[in-house]
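Peer 1: Can you keep this structure in mind? I'll have questions shortly.
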Amino acid sequence: MDFLQAWWDALPLFQKTLWIIAVPSSVLTLLQVILEIIGFGADHADGDVPSDGSLDDGGVDHADATHHGATGLKLFTVKGLIIFFTAFSWLGIASHHAGFPAILAAAIGGLTGLAFMFLFAWIFAMLGKITEAGNTRITNALYQHGEVYLRIPGRRQGVGKVMVAYQGALRELRAMTDGEDLPTGAAVQVLDILDSETVIVGKA
């Protein structure tokens with residue numbers, strides 16, 4: 001303890017200030033990274049769509065649904081500020097210890113902090129998308145209504161694509177049909193789940 005006290009007393013005020021910022025912000029950064037990895041830090045969108053699955057004004061809005069649940073690149077958040085202060089303080093300490101004047105050390109720390117904010121915002125956005133994808137279950141599309149996005153050949157002779165609203169978002173799925181050809185724009189209903197990416201649809 002005497003060694004730590006002597007070390008602390010010998011530090012200039014600038015470095016003491018940075019150490020006071022560095023320790024708690026580093027702990028918080030580590031905690032939030034762990035929480036993001038195990039999934040507790042991500043925002044999950046698991047909204048409901050109307051029972052008839054309609055895509056008109058009473059259902060899911062196309063523009064909102066396309067982006068609903070997607071984790072964007074968010075910089076100026078509590079997470080971002082914690083990461084900024086972590087990088088700012090540690091680079092400031094290192095720069096000042098290396099002999100740079102306090103103002104220059106603070107500038108280096110600030111620029112590095114901004115760079116880390118962008119980097120971690122991107123990492124958290126990617127983790128959020130991975131978590132969201134893991135929570136999406138195609139079985140929730142069963143009996144929902146949608147529209148043909150890419151023509152579906154009849155009698156399971158080929159695969160087309162449909163846009164179906166489920167779990168609060170408008171999603172693109174591979175689709176086949178047991179009936180006649182379904183042209184682009186046709187209203188359909190999901191009748192069965194073929195596999196993790198493909199559904200069986202029929203005319204709505």
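The values are calculated or read from the model by the stated rules, or taken from the named source; none is laboratory data. On a predicted model such as this, the values are computed, not experimentally measured, just so you know. Here the Cβ is made from the backbone with ideal geometry for all residues, glycine too, and neighbour counts use every protein chain on show.
Peer 1: Name the helices (runs of 4 or more DSSP H) wholly within the stretch 1-120 that hold at least 2 residues that are touching a Phe, Trp or Tyr at 6+ places or on another chain (Cβ under 8 Å) and at pLDDT 90 or above? Spell out how you get there, then give the answer.
Peer 2: Values: elements: 2-10, 13-38, 62-67, 78-97.
So the answer is 13-38, 78-97.
Peer 1: Inspect all residues belonging to the stretch 139-161 and state whether any of them is assigned to a helix (DSSP H, G or I) and of a type outside the set (Val, Ile, Thr). Let's see the steps before the verdict.
Peer 2: At the first step, the residues of the stretch 139-161 found to be assigned to a helix (DSSP H, G or I) are 139-141.
Still in the list and also of a type outside the set (Val, Ile, Thr): 140-141.
Yes - at least one qualifying residue is present in the stretch 139-161.
Peer 1: May I ask you to list the residues in the stretch 140-179 that are more than 28 Å from the chain's Cα centre (by Cα) and among the acidic types (Asp, Glu)?
Peer 2: ASP178
Peer 1: State yes or no: is ALA187 closer than 24 Å to ARG137 by Cβ and in contact (Cβ under 8 Å) with a residue 60 or more places away in the chain? Spell out the reasoning first.
Peer 2: Values: closer than 24 Å to ARG137 by Cβ: yes; in contact (Cβ under 8 Å) with a residue 60 or more places away in the chain: no.
Against the criterion (closer than 24 Å to ARG137 by Cβ and in contact (Cβ under 8 Å) with a residue 60 or more places away in the chain), ALA187 does not qualify.
Peer 1: Identify the residue in the stretch 174-204 that is charged (D, E, K, R) and not in a strand (DSSP E or B) and, among all such residues, is surrounded by the fewest Cβ atoms within 10 Å (Cβ to Cβ). Lay out the reasoning, then the answer.
Peer 2: Quick first cut of the stretch 174-204, residues charged (D, E, K, R) only: 174, 178, 180-181, 192, 195, 197, 203.
Within this subset, residues satisfying the condition of being not in a strand (DSSP E or B) are 178, 180-181, 195, 197.
Numbers: ASP178: 12, GLU180: 12, ASP181: 15, ASP195: 8, GLU197: 12.
For the stretch 174-204, the residue satisfying everything is ASP195.
Peer 1: Suppose the filter is at pLDDT 95 or above, within 19 Å of SER196 (Cβ to Cβ) and of a type in the set (Ser, Thr, Tyr); does THR136 pass it? Reasoning before the result, please.
Peer 2: Details: at pLDDT 95 or above: no; within 19 Å of SER196 (Cβ to Cβ): yes; of a type in the set (Ser, Thr, Tyr): yes.
In short, no.
Peer 1: Same structure, new question: Quickly run through the stretch 4-19 and pick out the residues that are among the hydrophobic types (A, V, I, L, M, F, W, C), surrounded by 10 or more Cβ atoms within 10 Å (Cβ to Cβ) and under 13 Å from HIS97 (Cβ atoms).
Peer 2: Step one: filter the stretch 4-19 for residues among the hydrophobic types (A, V, I, L, M, F, W, C), giving 4, 6-8, 10-11, 13-14, 18-19.
Subsequent filtering for residues that are surrounded by 10 or more Cβ atoms within 10 Å (Cβ to Cβ) retains 8, 11, 14, 18-19.
LEU11, PHE14, LEU18, TRP19, listed by residue number.
Peer 1: Determine the pairs where a residue that is in contact (Cβ under 8 Å) with a residue 24 or more places away in the chain and under 10 Å from VAL201 (Cα atoms), located within the stretch 143-163, has a partner that is part of a strand (DSSP E or B) and of a type in the set (Asp, Glu) with Cβ atoms under 8 Å apart, the partner being 6 or more residues away or on another chain.
Peer 2: Here the result reads VAL162/GLU147; VAL162/GLU172, each pair linking the stretch 143-163 to a residue that is part of a strand (DSSP E or B) and of a type in the set (Asp, Glu).
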